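The values are calculated or read from the model by the stated rules, or taken from the named source; none is laboratory data. None of these values were measured; they are calculated from a predicted model. Positions of Cβ are backbone-derived with ideal geometry, glycine not excepted, and every protein chain shown enters the neighbour counts. These accessible areas exclude ligands, DNA and RNA; they are computed on the full protein's heavy atoms, side chains included. Shrake-Rupley method; radii C 1.70, N 1.55, O 1.52, S 1.80 Å.
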Amino acid sequence: MDMKAYSVSWTKHKKEPYFAVPHTRRQQQCIQANHDTPEETTSLNHSLKLALSTSQNTLLPTLPAFVVLLLLVTSIGTSFSHPIASNSPLPPPSHPTANHTFRPAPVSQKFRTIRAHLKKINKPPVKTIKSPDGDLIDCVFSHHQPAFDHPLLRGQRPLDPPERPKGHHNGETVTESFQLWTDSGEICPEGTVPIRRTTEQDFLRASSIRRFGRKVRRDSTGTGHEHAVVFVNGDQYYGAKANINVWTPSVTDPYEFSLSQIWVIAGSFGNDLNTIEAGWQVSPELYGDNYPRFFTYWTTDAYQATGCYNLLCSGFVQTNNRIAIGAAISPRSIYNNRQFDIGLMVWKDPKHGHWWLEFGSGLLVGYWPAFLFSHLRNHASMVQFGGEIVNSRSRGYHTGTQMGSGHFAEEGFRKAAYFRNLQVVDWDNNLLPLSNIHQLADHSNCYDIRVGSNNVWGTYFYYGGPGRNVRCP
C-alpha cells in the first residue's frame with residue numbers, strides 16, 4: 001500500500017453529511033388492578049355498621065320493613081357510587097398517603113449523594129448549547145471551572161499559553177475542533193470554557209458512585225484490561241505527539257470500553273504510578289451512548305484515589321473555549337472509505353513545569369498543574385501509544401468489544417485503525433522520532449499490532465481487532 005497517495009487530511013471531506021442517531025425514551029404504562037382497595041373495604045364495613053345501627057336504634061320501631069331494607073341497600077351503594085377510572089385524577093387524600101411518597105432510606109441517601117456530586121461538578125453556566133447527540137454543553141467562566149476547587153488553585157486564573165516544542169508545526173494552523181456540538185456554529189464566549197454537563201443518569205449508570213469518573217487499576221491480568229500498544233522507555237521524556245485514527249468500535253457490555261490514546265507515564269506500576277492520558281474512547285457507562293469522545297485522564301496513585309476522566313474532579317485546567325472534553329468527535333472513519341484522524345500532543349512547559357495538551361493543529365486545550373504529580377513533576381520515564389479495551393467476560397467467554405476499527409492490523413489502510421507520526425519531546429523541548437520501539441499485544445488472537453515507518457507517516461502502526469472470534473474464544 002502506497003500511503004503517499006493517502007496523506008490524511010479532513011479538509012477534503014468537510015461537506016460529507018453526519019447523521020446523529022436520535023435518542024429514544026422508554027415509556028411506561030401503569031395499569032390499575034380491578035380489586036377492592038383497603039380504603040374501599042374500610043368504607044364498606046363502616047357503611048354496613050352505620051346502616052344496621054341506625055335501622056336498629058331509630059328506624060325499626062317506626063318504619064315499615066321495606067323502608068329499612070331500602071335504607072340498607074342505599075348505604076351500601078354509596079361505597080361504590082364513585083369509581084375512579086385508571087386514567088382519571090385521584091382526589092386529594094384527607095391525610096398523606098405514605099406509599100406514594102415514601103422512599104427507602106438507602107435510596108434517598110444515594111440520590112442525596114448524587115445531587116451533592118452534581119452540584120460540585122456542574123458549575124453555573126453563562127450560556128448552554130445543546131448538541132445534536134443530546135449533550136448539554138455549559139459555557140462556564142474559566143475561573144469557575146472544577147479545577148479551581150483545588151486548594152492549591154483556589155482564587156487563581158488559567159495561565160497564558162506556553163512555548164511549544166520546536167518543530168511541531170508543518171504548515172497552517174487548523175483551529176477546527178471536530179466536535180459534534182459545534183455543528184450548529186455556536187461556541188462559548190471568550191473568557192468561558194465549554195463543559196459537558198454531567199447528569200443524574202450518568203451517575204445511575206455507573207457501577208459505583210464512589211468510583212464514578214475513574215478507571216480501575218491498569219493491570220491486564222487482574223482486571224480484564226487488554227492492550228495493543230507500542231512504547232519507549234529507558235530515557236527521560238518531556239512529552240509525546242501522534243495523529244490518531246478515529247473509529248466507532250462496538251462495545252458489547254455496558255461496563256466495558258474501547259479507547260485509543262497516548263500515555264505519558266512515570267513511577268512504577270505499583271501504587272505510585274503517575275499517568276497523563278489523552279485520546280478518544282467509546283464508553284457506554286460513562287457517556288450513555290456509543291459515540292467516540294475526546295477524553296483526558298490523570299492519576300498519581302495507579303488509579304486508586306486520585307485523578308479522573310475529563311473535568312470530573314479538580315485537576316486539569318481548561319483554557320480553550322472551542323473544545324469540550326468528553327464531547328463526541330465528528331466525523332469518524334468508515335471502513336474501506338473516508339479516513340479521519342486527530343492530532344494530539346502532550347508536553348511539559350519548560351518555564352513553569354506544567355503538562356500542556358494540544359488538540360488538532362494548534363488548539364491548546366489546557367494543562368495539568370505539575371503539583372498534581374509526584375514522579376511526573378520532573379519528567380516521564382515511559383511513553384505509550386495504542387488501544388485498550390475492557391474484557392469483563394460477563395457471558396463466560398471473551399468479549400466481542402472491538403478495538404480500533406474492529407479489524408486486525410494486517411488489513412492495513414482504510415480497514416485497520418492506525419497511529420501515525422509518533423514523536424517524543426526531549427529535555428530541550430525538541431520533538432524527536434521514536435527510537436528503540438517496543439510493541440505489545442496482550443492477546444494477539446483478539447487484538448494485534450504492526451509497526452512500520454516511511455517518509456510520509458514517520459513511525460506508524462496499525463492495531464486492533466474484533467475481540468471474540470474462532471482464535472479468541
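Here is how the numbers come out for the structure above:
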read-out	value
Estimated inter-spin distance, HIS143 and HIS352, nm [label 7 Å along Cα→Cβ]	1.4
Rounded FRET efficiency, nearest 0.05, which uses the C-beta distance separating GLU176 from GLU200 and R0 of 30 Å	0.40
³J(HN,Hα), Karplus 6.51/-1.76/1.60, whole Hz, each residue of the stretch 249-265, x for Gly, Pro	x, 6, 10, 8, 10, x, 9, 10, 9, 9, 9, 9, 7, 9, 10, 10, 10
Where labels lie 7 Å past Cα in the beta-carbon direction, separation of LYS130 and ASP272 in nm	5.2
Rounded to whole Hz, the Karplus (6.51, -1.76, 1.60) HN-Hα couplings of the stretch 111-116, x for glycine and proline	5, 5, 5, 4, 5, 5
Cross-link reach list, aspartates and glutamates versus LYS127, counting only Cα pairs under 18 Å and skipping chain neighbours closer than eight places	ASP135, ASP138, ASP183, GLU186, GLU190
Additional length obtainable on full extension of the chain from VAL470 to GLN156, 0.36 nm per residue less Cα span	107.4 nm
Burial order of peptide ranges 436-443, 351-358 (average beta-carbon count within 10 Å, highest first)	351-358, 436-443
Contour excess over end-to-end distance, with Cα ends at GLU163 and ASP442 and 0.36 nm allotted per residue	96.7 nm
Table column - 3J(HN,Hα) (Hz), the stretch 364-377, Karplus curve with 6.51, -1.76, 1.60, x for Gly and Pro	6, 7, x, 8, 9, x, 4, 5, 5, 10, 9, 5, 6, 5
Reciprocal mean inverse distance between Cα atoms of the stretch 217-341 - Kirkwood radius, Å	16.0
Mean Cβ neighbour count within 10 Å, used as a protection proxy, ranking 339-348, 408-417 highest first	339-348, 408-417
Taking the stretch 219-465 and dividing mean pair separation by its residue count, relative contact order in percent (alpha carbons under 8 Å, at least six apart)	30
Sites ILE334 and TRP427 - FRET efficiency at Förster radius 35 Å, r taken between beta-carbons, to 0.05	0.25
Per residue accessible area of the stretch 219-465, 1.4 Å probe, in Å²	30
Charge context of GLY167, other residues only, Cβ under 15 angstrom, K/R +1, D/E -1	-1
Cα-centre dipole for the stretch 219-465 with unit charges at Cβ (Lys and Arg positive, Asp and Glu negative), debye to 20	600
